[in-house]
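To keep things clear, I will list the structure first and then write my remarks on it.
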Amino acid sequence: SDIFAHVLPRERGTRLALVEIAQIEGRHADAMVHIEQLMEIDPTDPVVLLSFTELALDNAEDCALMDRVVRTTVHVENETPVDTAILLYRARALAAMDMPAAAVDVLTVANRRRKDRPQDLLLQIRYDRAMLYQQLGRRAQAKQEFDRIYAVDPDFEEVASVKVV
């Protein structure tokens, strides 16, 4: 999902750019160093928090890191498109910690606001929720989500092959 943020040539903007470059080049540890420094400066900055959560989810098997994602995003409400993306990653962290029902709740909150949200982000939220519904054995709800995704974008995440539950 593409969320764009305006950054200025100050420490925050420079470090965010360095994070993106390191990510593109596959240098996860370097990206994490820059994010950690930004998190120390302001852990509530939504763009920094989004970058941190996205980067952290590259190591979803790290339970301590997933716990940190959940703790640092506990205050996020679905006010902006950046918040919506953060909530997607919060839900993924909860799912990685084997809390699928809690993850579904977060995705439901993330899906409530659609105005000004990127279509791909909204589809991804629905897709993740559908997969969690399947995991929870809630097949009718999963099928309903897959059908809705298919109606909007039949090529999204191979939903055409998954939708027949």
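Answer with yes or no whether Leu57 is of a type in the set (A, V, I, L, M, F, W, C) and open to solvent by less than 10 Å² (accessible area, probe 1.4 Å).
Working: of a type in the set (A, V, I, L, M, F, W, C): yes; open to solvent by less than 10 Å² (accessible area, probe 1.4 Å): no.
Criteria not met by Leu57.
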Of the residues in the range 33-54, those that are open to solvent by 30 Å² or more (accessible area, probe 1.4 Å) and farther than 25 Å from Asn111 by Cα come to Val33, His34, Glu36, Gln37, Glu40, Ile41, Asp42
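The values are calculated or read from the model by the stated rules, or taken from the named source; none is laboratory data. Everything numeric here is computed off the predicted structure, so don't read it as measured data. These area figures cover heavy atoms from the full protein model, side chains too; ligands, DNA and RNA do not enter into them. Shrake-Rupley method; radii C 1.70, N 1.55, O 1.52, S 1.80 Å.
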